[in-house]
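J.: Pasting a structure below so you can have a look.
The values are calculated or read from the model by the stated rules, or taken from the named source; none is laboratory data. Just so it is clear, the model here is predicted, and its values are computed rather than measured. Cβ: placed from backbone, ideal geometry, glycine included. Neighbour counts: every protein chain shown.
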Amino acid sequence: MVSPILELTNINKSFGHVQANKNINLKINKGTIHGIIGENGAGKSTLMSIVFGLYQANSGSIKINGKEINLRSPRDSIINGIGMVHQHFMLVENFTVLENIILGFEGETVFGEKLQKAKEDLEKLCQTYNFNIDLDATISDLSVGFRQRVEILKSLYRGAEILILDEPTGVLTPQEVDELFKILRSLKDEGKTIVLITHKLIEIMDLTSEVSVMRQGEMVGHTKTEDTSKEQLAEMMVGRSVLLRVDKKEIKKGETIFKVNNLSVKDDLDVTRVKDVNLEICSGEILGIAGVTGNGQTELLEALSGIRKVESGSIELFGEKISDQNNFLNPRMLKEKGLAHVPEDRQRMGLISDFKAHENLIFGYHDQEPYSKSAILNNKEITEYSNKVMQEYDVRPNSPNLITSNFSGGNQQKIILSRELNENPKVLLVGQPTRGVDIGAIEFIHQRLIDMRDKGAAILLASVELDEILSLSDRIIVMFDGKIVGEKENKNVTDRELGLLMAGVA
Amino acid sequence: MEFLSDIASLINSTLRISTPLVFAAMAGIFAERSGVIDFSLEGKMLMAAFVAAVGSYYLGNPWLGLLLAIIVCVCLSMLHGFASVTHKGDQVVSCVAINILIIGLTTALAAAWFGQAGLTPTLNEDQRFLEIHLPFSDALRDIPVIGTLYSDILSGHYVFVYLAYLSVPLVFWIVFKTSFGLRLRAVGENPSAVDTAGINVFTMRYKALAINGVLIAFAGAHLSTAVNANFFREMSAGRGYLALAAMIFGKWHPKTALIACLLFGFTDALQIRLQGVELPAIGEIPVQLIQAIPYVLTVVLLAGFVGKAIAPNAIGQPYIKER
C-alpha cells in the first residue's frame, strides 16, 4: 500500500490554557482534494499552521511520504513541498508580484541572473496555469482574487506538492470562486495534493473527494465526500442536528419608514466611499446589501447609525430628517427614536471585550432605570436581567460575570443582539451578523432577525455572505465602488446574477 | 571673486555639518525599514562621541577609538533589540531609556575618570583625525571654478565627510539591489510575510540594528575626534533627532534623506555665517533667532510641507508569532 503523502499522528497544541488541538490524527492521500471542515475556533487553522511549520506542536509526529520530518519553521515545510495560502494574505503590499514571490528564495546575494531566471520560470508557470498575472504589478493595485493567485503562484514556485488553502473563498465573488476552483482542479489533475480548510459545507461538497471534520480542537470524523451529505457534516461539526434553511413567512410590507436620499460619505482618509446612494426600507421588510468587502457598506452603515459624518444627502426616519451634512443625531438620540445598530466589527464597536458580560448587556441603557438610580448602578437588577436575557438568547456559558472576550464569537454576537433588540427597535441596521459565528448560533441569529421582521421592524442587512443575503432578504441591493449597482426582489435571483453585479461587470 | 569664495565656504561647511546627520539618517533607515523605531540615534551618537574620544585618548589612535565606539553602539542597538524585539517592549520607551541613560552615563564617567563632569581631555594630533588635503589641491587652487570646486569644496575634509557621502549609494544599493535589502524592507512592511517565507523575523531585525549601530558610531566619532578634539557634555546637541526628522522627511529613502540632511546642514551653515551680519533696514538679527532656523525648518517641513510621509507599515509593532 502507498503511504499517504501527509500523515499526522497524535498532534497536540495548546496556547496557554486553551488546547487548540487534541490528539489529532489525519491522513491525506496524494493527488486528492481533502477538505477540513469545522466551525470557527475548531482548531483547523492551528493544525495547518503546525503542518506549515509556523507553530510547533507540543507533541505528535508529522510524516511526509512515510518519512517522519521535524518542522521547526516554514522553511522546513517549504523544502518538504508544503505550501500554504493563508486567510490573510502574506504579501508585502508595496512590493511587486515578483519581489513577493522570490522573497526568502532569492538564490543570490545581489540581484542579477537568478532574478531574470526566476522571472522566466514564473512566466512559464503563469502560462501553464493560465494565471494572467503581471509580475511587475504592485500588490496594492491587484484585486483580492489576483492576490490569491499570487499566493498560489508563490507556493508553486517554491515547489509545493501539498497546497493548503485556509478559508480561500471568504473574500471572493462567486465568479472568482469558480475561477479558483477551476485552478484547484487543474492542480489536482497535475498530481498536486490540495488541503482545503473551510467552514462552508457547499465548498466541501463541490470540490473535495475526502473530508475530515473538526470540533473544539478534536478530529471527530473522516469520510469520503460522496458518502456524506451537508446535513450530516453540519451535524458532525456542531454536535447536534441543525436547520440549514431559514423558515420565512410571506412578507407583510408596511409603509416606508426609513429613507436615504443621495447619500455620500467619506472614510477616515477622506476618500468618498459611499456615492449618491438612495434607498428605502418598509416596515416588515429585510433589505439586504450584497457586495464584496470594502465597497462602501461599512461607511454606509456607520453613516446611517450616526457614527460617521454625512458628506451630502440626507437620511429620514418616519418622514423626519435625522441627518444631513450640517446636522446629525448621535447614536443615542437615534436609539431613542427607535433605531438600533448591530455593528459589523463586533470586537471594536459592538462590545468592550474586557468588560464583563452583564456590563455589555446593558451598555447604553446603564443610566436608565431599573439598571441605575441617581447615577448609581443597581447590580442586583442588572444581574437579574442578565441571567434572564442570557437564558432567553441561549448565551453559553450563562455566567454574567465572565469577561466578554472569553465568550465565543457566536455568543458575543448574541450578547449584542439581545441588547439591541431589547427595546423593540423600529429600524434595525445589521452588519455581518454571522461573521465568525458557528452554525448553531447562525441558525439562532437568523431566526431572531426574521422574528423582528415579522413584528414589523424595517431591517437593513449588510453581509458579504451571499447565502445569508439570499436566505433572509426580501429585497436585495448590490453595492460596488460605493454605488448601488443593482436592485432585485428576492424571487428567483441567483448568486451568479448577484456575483456579476458585485464584480461591477454587469 | 569674494562672492564665489563665500559660496564655496558655505558649501564646504554644509558638507561638514551634514556629515553626522547623514550617518545617523542612514543608521535610522536600517532600523526603521526593519520595523524598529529608533529614537535612540541621539543617545548612541553621544555615546559614540564619548567612547571614541576616551578610546583614542588612551589608545593613542583615533581608528581604535572609532572601533571601540562601533562596538559600544552595536551593543546599545542590541540592548534596544533585546527590549523591543525579543521582549516586545515599547520601542519608543526603550529608546528614551537609552537616551536618558547615556546623558547621565557620559557625564558621570567623565567626572570619574577625568575629574571634570562631562569633559574629556583634549586630544593631540596623533589621537584625532585630521583634515585630508587631496593631491594637487594647492596647485590647482588658482584655476577659476574648477580650482575652487576641487580645492575649496572637495578637498580639506575629515575622512568621515567622504565616508558619509560614500555610504549613501552603498545604503541605496544594499536596500534596493540585494536580497538582504528585499528582506529588510519586507520585514518592516509585513513581518508575517517574511516569517511564512521561512526567514526569521527576529534575526532580520537584529541584523538591521547591528548595521544601525555601526553607522551611528561614525557620526559620534566625527564629532569628538575630528571636528572637535574632545568630548563635551551633550555634544550631539539634538543631531540624532534632526537626522531622524531628515529620514522621515526623506521618506525612509537614502537619496531623499541625504537631500534633507544637506538642507538641514545648509541652514545651519547659513546661520553660522549670518551671525553678527548686519542686514539692511533690520540691523543685526539676535543670534538666538538665527540659531533656531534649522529647528523651525524641521517643524515646518514635518508639519506636512512635503506631503504625507508613509512609514513602513509594521513600524513600531513587535512581531507576535503565536496568538
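J.: From the list A:Asn40, A:Asn21, pick out the single residue that is under 30 Å from A:Gln413 (Cα atoms), in a loop (DSSP other than H, G, I, E, B) and in contact with a helix residue (DSSP H, G or I) (Cβ under 7 Å, 6 or more places away or on another chain).
T.: Numbers: A:Asn21 fails: in a loop (DSSP other than H, G, I, E, B).
Selected residue: A:Asn40, the only one of A:Asn40, A:Asn21 that is under 30 Å from A:Gln413 (Cα atoms), in a loop (DSSP other than H, G, I, E, B) and in contact with a helix residue (DSSP H, G or I) (Cβ under 7 Å, 6 or more places away or on another chain).
J.: Across the range A:24-37, what is the total count of residues that are assigned to a strand (DSSP E or B) and out of contact with any Pro (no Cβ under 7 Å at 6 or more places or on another chain)?
T.: So the first thing to find is which residues in the range A:24-37 are assigned to a strand (DSSP E or B), and the list is A:24-28, A:33-37.
Cutting the leftovers down to out of contact with any Pro (no Cβ under 7 Å at 6 or more places or on another chain) gives us A:24-26, A:33-37.
Going through the range A:24-37 one residue at a time, the tally reaches 8.
J.: For the range B:37-61, give me each residue that is in a loop (DSSP other than H, G, I, E, B) and crowded, with 24+ Cβ neighbours inside 10 Å. Let's see the steps before the verdict.
T.: Within the range B:37-61, the subset in a loop (DSSP other than H, G, I, E, B) is B:37-40, B:60-61.
If the condition is that a residue be in a loop (DSSP other than H, G, I, E, B) and crowded, with 24+ Cβ neighbours inside 10 Å, then B:Asp38, B:Ser40 are the ones that fit.
J.: Let me ask something else about it. Does B:Gly188 qualify as being in a loop (DSSP other than H, G, I, E, B) and within 14 Å of chain A (Cβ to nearest Cβ)? Show your work before the answer.
T.: Working: in a loop (DSSP other than H, G, I, E, B): no; within 14 Å of chain A (Cβ to nearest Cβ): yes.
Criteria not met by B:Gly188.
J.: Another question, then. One residue is enough: does the range B:253-267 have a residue meeting the conditions touching a residue at least 12 places away in the same chain (Cβ under 8 Å), closer than 22 Å to B:Val74 by Cβ and more than 14 Å from chain A (Cβ to nearest Cβ)?
T.: Scanning the range B:253-267, I find at least one residue that is touching a residue at least 12 places away in the same chain (Cβ under 8 Å), closer than 22 Å to B:Val74 by Cβ and more than 14 Å from chain A (Cβ to nearest Cβ), so the answer is yes.
J.: Can you name every residue in the range A:244-276 that is in a loop (DSSP other than H, G, I, E, B) and over 28 Å from A:Ala441 (Cβ atoms)? Steps first, answer last, please.
T.: Within the range A:244-276, the subset in a loop (DSSP other than H, G, I, E, B) is A:244-255, A:267-271.
Once the filter is applied, which keeps residues that are in a loop (DSSP other than H, G, I, E, B) and over 28 Å from A:Ala441 (Cβ atoms), the range A:244-276 yields A:Lys253, A:Gly254, A:Glu255, A:Asp267, A:Asp268, A:Leu269, A:Asp270, A:Val271.
Quick grid of which residues meet (1) polar (S, T, N, Q); (2) in contact with a strand residue (DSSP E or B) (Cβ under 6 Å, 6 or more places away or on another chain):
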site	(1), (2)
A:Leu429	no, yes
A:Arg435	no, no
A:Ser463	yes, no
A:Arg475	no, yes
A:Gly482	no, yes
A:Asn490	yes, yes
A:Asp495	no, no
A:Leu498	no, yes
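J.: If you don't mind, there's one more thing I want to ask. Go through the range A:48-70 and give me each residue that's over 32 Å from the mean Cα position of the chain (by Cα), surrounded by 13 or more Cβ atoms within 10 Å (Cβ to Cβ) and closer than 17 Å to B:Gly198 by Cα.
T.: Within the range A:48-70, just A:Ile69 meets the criteria.
Residues are listed down the side, and each one gets a yes or a no for (1) in contact with a Lys or Arg (Cβ under 7 Å, 6 or more places away or on another chain); (2) at pLDDT 90 or above:
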position	(1), (2)
A:Lys380	no, yes
A:Thr383	no, yes
A:Asn398	no, no
A:Asn401	yes, yes
A:Ser408	no, no
A:Gln412	yes, yes
A:Arg419	no, yes
A:Glu423	no, no
A:Leu428	no, yes
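J.: Among (1) out of contact with any Asp or Glu (no Cβ under 6 Å at 6 or more places or on another chain); (2) farther than 17 Å from A:His199 by Cβ; (3) in a loop (DSSP other than H, G, I, E, B), there is one condition A:Ser241 misses while meeting the rest; what is its number?
T.: (1)
J.: How many residues does the range A:394-430 hold that are under 21 Å from A:Gly41 (Cα atoms), touching a residue at least 40 places away in the same chain (Cβ under 8 Å) and either charged (D, E, K, R) or in a loop (DSSP other than H, G, I, E, B) (or both)?
T.: The number of residues fulfilling the criteria is 5.
J.: Is it true that some residue in the range B:191-213 is within 24 Å of B:Gly43 (Cβ to Cβ), among the β-branched types (Val, Ile, Thr), crowded, with 24+ Cβ neighbours inside 10 Å and more than 14 Å from chain A (Cβ to nearest Cβ)? Before you say what the answer is, go through the steps one by one.
T.: Here is the first cut: in the range B:191-213, the residues within 24 Å of B:Gly43 (Cβ to Cβ) are B:202, B:204-213.
Right, trim to among the β-branched types (Val, Ile, Thr) and you get B:211.
Then drop every residue that is not crowded, with 24+ Cβ neighbours inside 10 Å, which leaves none.
Within the range B:191-213 (the criterion being within 24 Å of B:Gly43 (Cβ to Cβ), among the β-branched types (Val, Ile, Thr), crowded, with 24+ Cβ neighbours inside 10 Å and more than 14 Å from chain A (Cβ to nearest Cβ)), the answer is no, since none of the residues qualifies.
J.: Now a separate question. B:Ile259 - would you say it is outside any loop (DSSP other than H, G, I, E, B), over 30 Å from A:Asn58 (Cα atoms), at pLDDT 80 or above and not polar (S, T, N, Q)?
T.: Values: outside any loop (DSSP other than H, G, I, E, B): yes; over 30 Å from A:Asn58 (Cα atoms): yes; at pLDDT 80 or above: yes; not polar (S, T, N, Q): yes.
Answer is yes for this residue.
J.: Condition first: aromatic (Phe, Trp, Tyr) and under 30 Å from A:Gly294 (Cβ atoms). Can you find one or more residues in the range A:326-348 that meet it? Give the derivation first.
T.: Looking only at the range A:326-348, we keep the residues that are aromatic (Phe, Trp, Tyr), and these are A:328.
After this cut, where a residue has to be under 30 Å from A:Gly294 (Cβ atoms) as well, the list is A:328.
Yes, some residue in the range A:326-348 is aromatic (Phe, Trp, Tyr) and under 30 Å from A:Gly294 (Cβ atoms).
J.: Within the range A:42-63, take every residue that is touching a Lys or Arg at 6+ places or on another chain (Cβ under 8 Å) and β-branched (Val, Ile, Thr) and give me the one that is farthest from the other protein chains (Cβ to nearest Cβ).
T.: Out of the qualifying residues, it is A:Ile50.
J.: Would you mind telling me which numbered condition in (1) of a type in the set (Val, Ile, Thr); (2) surrounded by 23 or more Cβ atoms within 10 Å (Cβ to Cβ); (3) assigned to a loop (DSSP other than H, G, I, E, B) B:Ile216 fails?
T.: So the condition that B:Ile216 fails would be (3).
J.: Of all the residues that make up the range B:8-31, how many are buried (at least 24 other Cβ atoms within 10 Å of the Cβ) and either out of contact with any Gly (no Cβ under 6 Å at 6 or more places or on another chain) or under 11 Å from B:Ile216 (Cα atoms) (or both)?
T.: Matching residues across the range B:8-31 total 13.
J.: For the range A:277-389, which fully contained helices (runs of 4 or more DSSP H) count at least 1 residues that are at positive phi, touching a residue at least 60 places away in the same chain (Cβ under 8 Å) and not aromatic (Phe, Trp, Tyr)? Explain how you work it out, then say what you get.
T.: Values: elements: A:297-304, A:331-336, A:357-362.
Ranges flagged: none.
Residue-by-condition table, conditions (1) surrounded by fewer than 18 Cβ atoms within 10 Å (Cβ to Cβ); (2) part of a loop (DSSP other than H, G, I, E, B); (3) out of contact with any Pro (no Cβ under 9 Å at 6 or more places or on another chain); (4) not assigned by TED's automatic domain parsing to the domain that holds A:Val274:
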| site | (1), (2), (3), (4) |
| --- | --- |
| A:Pro433 | no, yes, yes, no |
| A:Ile442 | no, no, no, no |
| A:Ile445 | no, no, no, no |
| A:Leu449 | no, no, no, no |
| A:Leu460 | no, no, yes, no |
| A:Ile484 | no, no, yes, no |
| A:Glu487 | yes, no, yes, no |
| A:Asn492 | yes, yes, yes, no |
| A:Leu498 | no, no, no, no |
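J.: So for the range A:263-279 (the condition being charged (D, E, K, R), closer than 15 Å to A:Gly456 by Cα, surrounded by 17 or more Cβ atoms within 10 Å (Cβ to Cβ) and assigned by TED's automatic domain parsing to the domain that holds A:Glu465), does at least one residue qualify?
T.: To start, the set of residues in the range A:263-279 that are charged (D, E, K, R) comprises A:266-268, A:270, A:273, A:275-276.
Okay, now just the ones that are also closer than 15 Å to A:Gly456 by Cα, so none.
Within the range A:263-279, none of the residues are charged (D, E, K, R), closer than 15 Å to A:Gly456 by Cα, surrounded by 17 or more Cβ atoms within 10 Å (Cβ to Cβ) and assigned by TED's automatic domain parsing to the domain that holds A:Glu465.
J.: Pick from B:Phe82, B:Phe114, B:Phe129, B:Phe136: which is over 21 Å from the mean Cα position of the chain (by Cα), closer than 27 Å to B:Val161 by Cβ and aromatic (Phe, Trp, Tyr)? Give the derivation first.
T.: Numbers: B:Phe82 fails: closer than 27 Å to B:Val161 by Cβ; B:Phe114 fails: closer than 27 Å to B:Val161 by Cβ; B:Phe129 fails: over 21 Å from the mean Cα position of the chain (by Cα).
After applying the criteria, what remains is B:Phe136.
J.: Please give the helices (runs of 4 or more DSSP H) falling wholly within the range A:71-159 in which 1 or more residues are in contact (Cβ under 8 Å) with a residue 24 or more places away in the chain and within 11 Å of another protein chain (Cβ to nearest Cβ). Break it down stepwise before answering.
T.: Details: elements: A:74-79, A:97-102, A:113-129, A:144-157.
Because the criterion is at least 1 residues that are in contact (Cβ under 8 Å) with a residue 24 or more places away in the chain and within 11 Å of another protein chain (Cβ to nearest Cβ), the helices (runs of 4 or more DSSP H) in the range A:71-159 that meet it are A:74-79, A:97-102, A:144-157.
J.: Consider only pairs whose beta carbons are under 9 Å apart and that are at least six residues apart or on different chains; among these, list those whose first residue lies in the range B:146-158 and is modelled with pLDDT of 85 or more and whose second residue is buried (at least 20 other Cβ atoms within 10 Å of the Cβ) and assigned to a loop (DSSP other than H, G, I, E, B).
T.: B:Tyr158/B:Phe129
J.: Among A:Leu263, A:Leu187, A:Leu244, A:Leu201, which is the only one that is of a type in the set (A, V, I, L, M, F, W, C) and touching a Phe, Trp or Tyr at 6+ places or on another chain (Cβ under 8 Å)? Step through it out loud before you land on a result.
T.: Working: A:Leu263 fails: touching a Phe, Trp or Tyr at 6+ places or on another chain (Cβ under 8 Å); A:Leu244 fails: touching a Phe, Trp or Tyr at 6+ places or on another chain (Cβ under 8 Å); A:Leu201 fails: touching a Phe, Trp or Tyr at 6+ places or on another chain (Cβ under 8 Å).
Being of a type in the set (A, V, I, L, M, F, W, C) and touching a Phe, Trp or Tyr at 6+ places or on another chain (Cβ under 8 Å) holds for just one of A:Leu263, A:Leu187, A:Leu244, A:Leu201, which is A:Leu187.
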